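Working notes for the structure below.
None of the figures in this text is laboratory data; all of them are computed from the coordinates on show. Note that the structure is a prediction, hence the values are computed from the model and not measured. Heads up, the Cβs are rebuilt from the backbone with ideal geometry, glycines too, and the neighbour counts pull from every protein chain shown.
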Amino acid sequence: MVEFALVTVVLVVLFLAILQLALALYVRNTLAAAAAEGARYAANADRSGADGAARTRELAAAALGDQFADEVRVGEAVVDGVRTVVVEVRTTLPLVGLVGPSRALVVRGHAIDEAG
C-alpha cells in the first residue's frame, strides 16, 4: 500500500506538470496568433499601428482574458529592404495556474506594410 501512495504522488505531480506546460504553450500560441493578426490588420493600407494594437488586445482578451492583453507595442522594421509592421506582446508567463513572472513572455507578429 505504501508503494501505491508513493507512485501516485509522483504520477499526480507529473500529470500536473504536463498540464501546466500545455497551458503555457496554449497561452504562448494564442498570443502569437493574436500578434500576427494584429500586425496584418495594422499593415493594411487604411489602418494605423493603433488599430493593430487594439485588434491584438481584443483577440487576446477574448481568448485569454484582459490580464494577458495589457502591454502591446506596435513598431516598424525593415527586413530585406521591405517595410514590415511588428506587433509585440509582453505578458505574464503562466507557471502556476495563470500566475507567474510579469512580462516574462514576449511574442511578436510581423506583416508586410501595404502602405510602404
(request) Enumerate the calculated ³J(HN,Hα) couplings along the range 85-101 in order (Karplus 6.51 cos²θ - 1.76 cosθ + 1.60, θ = phi - 60°), each rounded to whole Hz, writing x wherever the residue is Gly or Pro. (result) 9, 10, 10, 10, 10, 10, 8, 6, 8, x, 10, 10, x, 9, 9, x, x
(request) Using only Cα atoms, tell me the angle between helix 49-64 and the longest principal axis of the chain; keep it within 0 to 90° and round to the nearest 10. (result) 20 degrees
(request) Run through every distinct alpha carbon pair of the chain and return the Kirkwood hydrodynamic radius in angstroms, one decimal place. (result) 15.5 Å
(message) Taking 0.36 nm per residue of sequence separation and subtracting the Cα-Cα distance, how much length would be gained by fully extending the chain between residue 93 and residue 110, in nm to one decimal?
(response) 4.0 nm
(request) Report relative contact order for the chain in percent, whole number only (criteria: Cα-Cα under 8 Å, sequence separation at least 6). (result) 27 percent
(request) Give, as a single signed number, the net charge of other residues whose beta carbon lies under 14 Å from the beta carbon of residue 91, with Lys and Arg counted +1 and Asp and Glu -1. (result) +2
(message) How much length would be gained if the chain were fully extended between residue 15 and residue 29, taking 0.36 nm per residue of separation minus their Cα-Cα distance, in nm to one decimal?
(response) 2.9 nm
(message) Output the 0 to 90 degree angle, nearest 10, between the alpha-carbon long axis of helix 2-43 and the longest principal axis computed from the alpha carbons of the chain.
(response) 10 degrees
(request) Pick out which of 47, 28, 73 has the largest mean-square fluctuation in a Gaussian network model of the chain, springs linking Cα atoms closer than 10 Å. (result) 47
(message) Counting only other residues whose beta carbon sits under 15 Å from that of residue 62, what net charge do I get with K and R as +1, D and E as -1?
(response) -2
